[in-house]
Amino acid sequence: MSNTEALKAANFIETIIKQDLADGRIDKVVTRFPPEPNGYLHVGHAKSICLNFGLADSFGGECHLRFDDTNPSKEEQEYVDAIKEDVNWLGYQWSGEVRYASDYFEQFHLWALELINAGRAYVCELSAEQASEYRGWATKPGKDSPYRARPVEENLARFEQMRAGELDEGACVLRAKIDMASPNMNLRDPILYRIRKQTHHQTGDKWCIYPSYDFSHGQEDAIEGVTHSVCTLEFADHRPLYEWFLEALSVPSTPRQYEFGRLNINYTVTSKRKLKQLVDENKVTGWDDPRMPTISGMRRRGYSARALRNFCQSLAVAKTDGIVDMAQLEFFIRDELNKTAPRAMAVLKPLKVVITNYPEDKLEQLSVPAHPELDLGERVLPFTRELYIDQDDFKQEYSKKFKKKFSPGKRIRLRNAYVIEADDYLKNEQGEVVQVNARLIENTLGENPPDGVNPKGVVHWVSASHGKQATIRVYDRLFIDEAPARGDGDFMQHLNPESCTVLDNCWIEPGLAASAAETRYQFEREGYFVADRYDYSPDKPVFNMTIGLRDNWSN
């Protein structure tokens, strides 16, 4: 990333960093992006990636990629690999090697012993239900665990039993000794370690106790020399605990935590739990389903990394949460693709047209620009007697409402080709029009008809004999409600039943069959499409609809 792509929107953290540098509190900016590898990254993470890497880039610092892998029961190597790929695809490179919380498990263990020896941590054997009762409520103080006064030696011995695997999961936890009456629930003797007898994707079976996120987070930052630990607003109430650990332990540096509003977009959900539910219940084809708001899903749908970065960088970095209209994201997608995507023609609902006065064995190769404004070269369109146009471009009877449609006795221009006039049509047994017979008007290649009877509209087309058959997946928004996760209702009830339509009998320009996976096009008059990342092959082309040419959801 270059400095020319620095953050553009209002950003209070930039102001803080500038002051820190001016005051000499820091001499180098170090940020981090710390995902938990328990799912794929979504659009909200994209904002955090752009913020953390963008801040480091803007100030000539460094940004670490660190996995907070403290819960092996929900983590998988698949998620680790997908997250690394997503960060790279967005255009960022982390400083040094990939880091993991598990890299510091030995040090965390030593710090836990330090807290026990200082009388600031104890092993608690309350059941989960009892611990919840003792914790109290937001308006009611908690009460001390009966194990809170355990002697240091007994806590050390019990913690060693936890470490050695001699106790069952849930038998006990290690807790910090802070304040059970604190109005901040996070300070009511939070859990430092739990017993989890599960294989870890990085450390194998070396450990059977794992630190909590709250215990590991600040200490990881301190070990790595992070200067500005940027989190979303839900961690604001955790900041006093973050600072308590840094004060209580002999850490090598003192990072500071700052919170900003998370990215919420209407007509979608960005909860990993809910996204995983969509995957587990087969409501989508996977984490990278093009309808999903995951980075990998948006990539497979044909969003470009630049467009996604431009969107994220357009958002204010503020101290309040807000909801962004999906149309704002879609604006950046269309804007980028309009400028960069080559043009092509594809007929999604084919209707055969036979040009009766055109020789059966004649073939014209029409050379046209790949883009109307950019120098992307030429593409060749085979023009033949039999063509396909879209079913919606033909009407059996002319009407002023559809005056730009093809109909008997009326003319239409074939995009980049000739003007033709419909004579008659054929129907099948179901009464559906299956063929239109037409005449080519001579001397109309790039010219208006000599007789002065001009066509009313322009349609796209593909040669029936030289075009290639393709599968095209037409996507729409996954949810029909603008706030599918509001309240206590079931967000699944708001799924859009027409969010994916698979069209198997589409016809494309022959040159598209040689497309590389992830190549994006504007299919003229249809929208923007991308060659599928996984399923595309020259023999069986598969395109995903990225977005329409205009917003169909506007009121």
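None of the figures in this text is laboratory data; all of them are computed from the coordinates on show. Keep in mind that this is a model prediction, so the values were computed, not measured. With ideal geometry, Cβ positions are generated from the backbone for all residues, glycine too; neighbour counts draw on all protein chains shown.
A few points about this structure:
- Inter-centroid distance (Cα atoms) of segment 379-433 relative to segment 454-517, Å: 22
- Potential extension, residue 401-residue 237 segment - 0.36 nm per residue separation minus Cα distance: 53.0 nm
- Going from the residue with the fewest nearby Cβ atoms within 10 Å to the one with the most, 292, 185 rank 185, 292.
- Isolated cysteines in the chain, defined as those with no second cysteine Cβ under 4.7 Å, comprise 63, 124, 172, 208, 231, 500, 506.
- Put in line by how crowded their Cβ is, counting other Cβ atoms within 10 Å and starting with the fewest, 232, 384, 356 read 356, 232, 384.
- Across segment 6-265, the relative contact order, built from alpha-carbon pairs under 8 Å that are at least six residues apart, equals 18 percent.
- Simple label model, 7 Å out from Cα along Cβ direction - residue 320 to residue 354, nm: 6.7
- Here the simple spin-label model places points 7 Å from the Cα toward Cβ, and for residue 340 and residue 282 these points are separated by 3.6 nm.
- The modelled label-to-label distance for the pair residue 97/residue 451, using points 7 Å beyond Cα in the direction of Cβ, is 7.9 nm.
- Extension gain for residue 147-residue 182 works out to 10.7 nm (0.36 nm per residue, less the C-alpha to C-alpha distance).
- By the count of neighbouring beta-carbon atoms within 10 Å, fewest first, 250, 463, 132 end up ordered 250, 132, 463.
- For peptides 295-302, 12-19, sequence by mean Cβ density within 10 Å, most packed first: 295-302, 12-19
- Among beta bridges from DSSP that stay inside segment 409-511, the antiparallel ones total about 90%.
- The antiparallel fraction among DSSP beta bridges confined to segment 6-265 stands at about 50%.
- Full extension of the segment from residue 443 to residue 274, taken as 0.36 nm per residue of separation minus the current Cα-Cα distance, would add 54.8 nm.
- Pairs of Lys in segment 297-414 closer than 16 Å at Cα, counting only those 8 or more apart or on different chains: 10
- Its Kirkwood hydrodynamic radius, worked out from the mean inverse distance over all distinct Cα pairs, puts segment 347-466 at 14.9 Å.
- Gyration tensor (Cα) of the chain, equivalent ellipsoid semi-axes in angstrom: 61, 24, 20
- Each part reduced to its alpha carbon centroid, segment 256-304 and segment 16-40 end up 25 Å apart.
- Summary value for segment 133-181: 43 percent relative contact order, contacts being C-alpha pairs under 8 angstrom separated by 6+ residues.
- Cα lying deepest toward the dipole's positive end in the chain, options 201, 338, 40, charges on Cβ: 338
- The antiparallel fraction among DSSP beta bridges confined to the chain stands at about 65%.
- Inter-centroid distance (Cα atoms) of segment 206-242 relative to segment 74-128, Å: 9
- The chain: relative contact order as a whole-number percent, Cα under 8 Å and 6+ apart: 12
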